[in-house]
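*Asks:* After the structure tokens below, expect a handful of questions from me.
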């Protein structure tokens with residue numbers, strides 16, 4: 001099977017039962033993406049596919065051959081952190097760090113969704129094309145990513161700090 | 001996970017042909033995978049052939065008569081974000097964005113949402129007895145932890161619920177399911193798609209083997225109809241409904257009388273529960289809290305609670321009353 005992972009075309013010989021998560025971790029050595037519950041409940045395995053966040057544990061890899069997959073390895077490196085990664089450090093958005101790659105990918109997906117006007121459960125005005133960028137929206141939209149250390153306040157702060165300049169509407 | 005062969009279908013006819021060809025190998029249609037892949041990993045579903053239909057019918061179209069046609073392959077996020085849905089059927093957007101997580105909504109499809117299976121713990125636990133998994137084996141939910149289970153339309157064989165939020169809104173919207181299959185195309189009201197458990201809870205829908213949902217049609221609502229979806233759950237976000245209500249109300253000009261009401265309940269039955277008894281009580285009635293309560297009482301009259309879910313009966317009544325109050329509130333009314 002052929003995949004495009006972090007912009008690189010990769011050919012992998014794997015069983016059709018392989019999940020996208022296991023493909024990344026076990027076949028391509030991209031262990032930044034984490035396995036938490038392996039049933040779509042915790043969000044640790046979140047990656048971006050064509051810019052949209054998904055749970056890679058619930059995805060059969062075979063279905064994603066023609067899509068562009070971005071993992072945490074494609075977002076930043078230790079030497080060249082993404083601004084959101086830097087904000088997580090500055091805002092104490094983590095303790096153990098296990099959920100962090102998923103949180104980062106999820107938050108990048110979140111920013112794209114708000115930009116595109118995708119509503120959430122706490123969007124009051126569904127008719128308005130624009131979404132208000134505030135901490136309630138961030139909390140609701142990140143509810144698919146659990147953090148057992150409870151670093152939520154720092155996570156929300158980091159996301160707000162990073163994307164407020166581009167997503168907050170002028171008063 | 002058992003071994004299976006994988007086929008990709010490019011249109012409904014090809015999918016149905018593949019299904020017929022593999023009929024002896026327990027084939028399954030696969031779309032977003034958020035439910036089926038999980039069930040396969042638990043060995044609850046053991047298909048010999050997977051027919052990938054995720055690329056089929058992704059469009060969302062507005063027909064000339066004002067109806068909306070949701071392609072079965074349209075993603076939850078696309079449906080919830082669609083301008084026509086947000087403006088004309090806001091309860092459908094609300095139902096979708098109150099279901100699952102953003103990640104799952106980016107994967108899950110319309111057809112898959114209709115076909116998803118119950119989240120009953122005993123269905124998922126192969127060490128437990130479950131009439132859905134093994135017909136005639138018994139039901140451990142009846143006397144087990146049944147906080148999340150059904151109170152309406154149950155049987156002595158199964159008290160599982162249908163977990164969908166989207167389907168509850170679609171039930172209230174009189175949605176029509178478009179189906180193609182080995183014996184040709186047909187249409188079914190969404191409220192007729194899912195079955196009550198009876199003594200065959202393993203047979204969950206009216207679909208015949210090989211039949212594929214291709215679209216869901218939403219007819220236009222009467223003018224000046226207000227609609228809303230209200231969900232009550234154990235967490236503030238990302239949890240299945242204990243009770244949910246989809247309601248659409250059309251009031252008279254002065255706003256004190258109900259011309260027509262549509263109500264559907266989620267989290268309470270083996271299928272999205274269209275509350276037609278309550279609708280009958282509300283039709284032509286004054287828009288008063290007293291009448292809302294009568295409607296809720298009438299709908300829940302036959303509800304049966306068990307050790308851990310009896311609270312749902314009162315909860316459902318209260319959510320119905322409160323949702324109707326919200327929908328019929330006039331400017332200046334006390335909230």
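Each value in this text was obtained by applying a stated rule to the coordinates, not by laboratory testing. It should be emphasised that the depicted structure is a prediction, and the values quoted were computed from it without experimental measurement. Note: ideal-geometry Cβ built from the backbone for every residue, glycine included; neighbour counts use all protein chains shown.
*Asks:* Which whole-percent values make up P(r) of the protein assembly as shown when all C-alpha to C-alpha distances are grouped in 10 Å steps starting at zero?
*Replies:* 4, 19, 28, 28, 16, 5, 1
*Asks:* So the label point goes 7 Å from the Cα of residue B:43 along Cα→C-beta, right? Which residues of the stretch B:107-124 then have their backbone N under 18 Å from it?
*Replies:* From the stretch B:107-124, the list is B:122-124.
*Asks:* Given the convex hull over the Cα atoms of chain B, what projected area results after averaging over all orientations, in nm²? It would help to have the intermediate numbers written out before the result.
*Replies:* On the way: hull surface 68.1 nm².
Averaged projected area of chain B's Cα convex hull equals 17.0 nm².
*Asks:* Per residue of the protein assembly as shown, what 222 nm ellipticity follows from adding -39500 (n - 2.57) for every DSSP H run with n ≥ 4, rounded to the nearest 500?
*Replies:* Values: 17 runs with 147 residues, N = 506.
Helix contribution divided over all residues of the protein assembly as shown: -8000 deg cm²/dmol.
*Asks:* Now for a different question. Which angle between 0 and 90 degrees, to the nearest 10, do you get for helix B:12-21 versus the longest principal axis of chain B when only C-alpha atoms count?
*Replies:* Helix B:12-21 sits at roughly 50 degrees to that axis.
*Asks:* Would you please give the FRET efficiency between residue B:14 and residue A:96, computed as 1/(1 + (r/R0)^6) with r the Cβ-Cβ distance and R0 = 45 Å, to the nearest 0.05?
*Replies:* With a Förster radius of 45 Å, E is 0.40.
*Asks:* I'm a student and want to see the number: the projected area of the Cα convex hull of the stretch B:225-328, averaged over all directions, in nm². Walk me through the numbers before you get to the answer.
*Replies:* Details: hull surface 25.5 nm².
The number I arrive at for the stretch B:225-328 is 6.4 nm².
*Asks:* In whole percent, what relative contact order does chain B give with Cα contacts below 8 Å and a gap of six or more residues?
*Replies:* Working: 766 pairs, mean separation 53.4, N = 335.
Once normalised by length, the contact order is 16 percent.
*Asks:* Let me ask something else about it. What order, most packed first, do the peptides B:67-77, A:130-140 have when packing is the mean number of other Cβ atoms within 10 Å of each residue?
*Replies:* On the way: B:67-77: 22.4, A:130-140: 17.5.
Per-residue Cβ counts within 10 Å, averaged per peptide and sorted highest first, yield B:67-77, A:130-140.
*Asks:* A further question follows. Tell me whether the stretch B:5-54 comes out rounded, prolate or oblate; compute the Cα gyration tensor, take square roots of the eigenvalues as a ≥ b ≥ c, and use a/c under 1.5 as the rounded threshold. It would help to have the intermediate numbers written out before the result.
*Replies:* Values: a/c = 2.96, a/b = 1.43, b/c = 2.07.
Verdict is oblate for the stretch B:5-54.
*Asks:* Hey, in the GNM for chain B with a 10 angstrom Cα cutoff, which one of B:94, B:116, B:103 fluctuates hardest?
*Replies:* Most flexible of the set in this elastic network: B:103.
*Asks:* Here's a follow-up. How large is the convex hull of the Cα atoms of the stretch A:97-171 per residue, expressed in Å³ as a whole number? Numbers along the way, then the final one.
*Replies:* Values: hull volume 6.4 nm³, N = 75.
Taking only Cα atoms, the stretch A:97-171 has a hull volume of 86 Å³ per residue.
*Asks:* Now for a different question. Report the label-to-label distance for residue B:125 and residue B:234 in nanometres (one decimal), using points 7 Å from each Cα along the Cα→Cβ vector.
*Replies:* Using points 7 Å along Cα→Cβ, the separation is 1.3 nm.
*Asks:* Could you give the nm distance between label points at residue B:195 and residue B:61, where each point is 7 Å from its Cα heading toward the beta carbon?
*Replies:* 3.2
*Asks:* I've got another one for you. Report, to the nearest 10°, how far helix B:289-300 tilts away from the longest principal axis of the Cα atoms in chain B, using its own Cα long axis and a range of 0 to 90°.
*Replies:* With rounding to tens, the tilt is 30 degrees.
*Asks:* In degrees between 0 and 90, to the nearest 10, how far off the longest principal axis of chain B does helix B:311-328 point, with axes built from Cα atoms?
*Replies:* 60
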